[in-house]
Amino acid sequence: MIGRRELIGAMATSAVAGLAGSARGAQAMGAGKGLRVAQGARWVAIGDSITDAGRAKPIGEGTNGLGTGYVQTMDALLQAWYPGRRIRIFNVGTSGHTVRDLKERWQTDVTDLKPDWLSVMVGANDVWRQFDRVTQPERAVLPDEYERIYDELIAGTAPTLKGGLVLITPFFLELRTDDPMRARMDEYGVIVKRLATKHKAVFVDSQAAFNVVLKDLPSAMINWDRVHLNHIGAAILARAVLTAVGFEWA
């Protein structure tokens, strides 16, 4: 078993894996610069059910409005560690959505909210429908379409962000890389990393962050379906995202 300090250090390292090759990546680690999210910043988090987590509709915000997932945990940590920043977080994750669905609501749920920071985490359903709806192939979003739509969405938005863009990989709570769904999810993670590099975004490798914990904690302790997250999973993901934007934990 690894100790708490070793676990925290390993998670912080894994969460920003792959960033060392770019200048923006180095900034994303926040080395020597502290939290990059400025005072009064507006942060919009968009995605699927992992982001949604029961948030308020039509826009999730404030006490009891952010759901019970990683977005709420992020907000709690930001308000507790950086109370003077007055960072405002909006949760517009929607359960069951793929990147196609994000495209349909991008104007109202992203552009109209005028974010300074935007985090995107999508891909779980794009992949999952390839496994649980094999008789309905039209519901799956294959890699080429996924990358094309994702690229179009962030290409039009990234230049408008005063703070930054955060791209979070989808994950599957399984250590065996030869598991078919884990292997497929990894392919989509590679796409997200490629888009992050292209658009100079902060890249968060959520699979790497979970892998560290899964070495000691069975996936059923986080969720039986290996996709959704309980409070433990929410904490792991929130830490990975915040570490990537320079959150100082000491």
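Only the coordinates and a few stated rules stand behind these numbers; no lab work does. Note that the structure is predicted; figures quoted are calculated from it, not measured. Here Cβ is always computed from backbone atoms with ideal geometry, including for glycine, and neighbour counts include all displayed protein chains.
Over all other residues within a Cβ to Cβ distance under 9 Å of Ser95, the charged ones net out to -2, with Lys and Arg as +1 and Asp and Glu as -1. Among Asp48, Asp179, Asp205, the largest mean-square fluctuation in a Gaussian network model of the chain (Cα springs under 10 Å) belongs to Asp179. Seen from Ser219, the other residues with C-beta closer than 15 Å to its C-beta sum to a net charge of 0, counting Lys and Arg as +1 and Asp and Glu as -1. Leu78 sits among other residues whose Cβ lies under 14 Å from its own Cβ, and their net charge, with Lys and Arg +1 and Asp and Glu -1, is +2.
With a ≥ b ≥ c the root eigenvalues of the C-alpha gyration tensor of region 4-244, is it rounded (a/c under 1.5), prolate (a/b larger than b/c) or oblate? Here region 4-244 falls in the rounded category. Placing +1 on the Cβ of every Lys and Arg and -1 on the Cβ of every Asp and Glu, with no other charges, gives region 188-247 a dipole of roughly 320 debye about its Cα centre. For the set Lys103/Lys198; Lys33/Lys198; Lys33/Lys57; Lys114/Lys215, the pairs lying more than 31 angstrom apart at their alpha carbons are Lys33/Lys57; Lys114/Lys215. Reported to the nearest whole Å, the Cα centre-to-centre distance from region 94-129 to region 43-68 is 12. Under the classification rounded if a/c is under 1.5, otherwise prolate if a/b is larger than b/c and oblate if not, where does region 146-250 fall, given a ≥ b ≥ c as square roots of the Cα gyration tensor eigenvalues? Here region 146-250 falls in the oblate category.
So if R0 is 25 Å, what FRET efficiency would Glu104 and Ala76 give, r being the distance between their Cβ atoms, rounded to the nearest 0.05?
0.25
Each stretch of four or more DSSP H residues adds -39500 (n - 2.57); spread over every residue of the chain, this sum gives -13500 deg cm²/dmol at 222 nm. In a reduced charge model with +1 at each Lys and Arg Cβ and -1 at each Asp and Glu Cβ, region 4-244 shows a dipole moment near 900 debye about its Cα centre.
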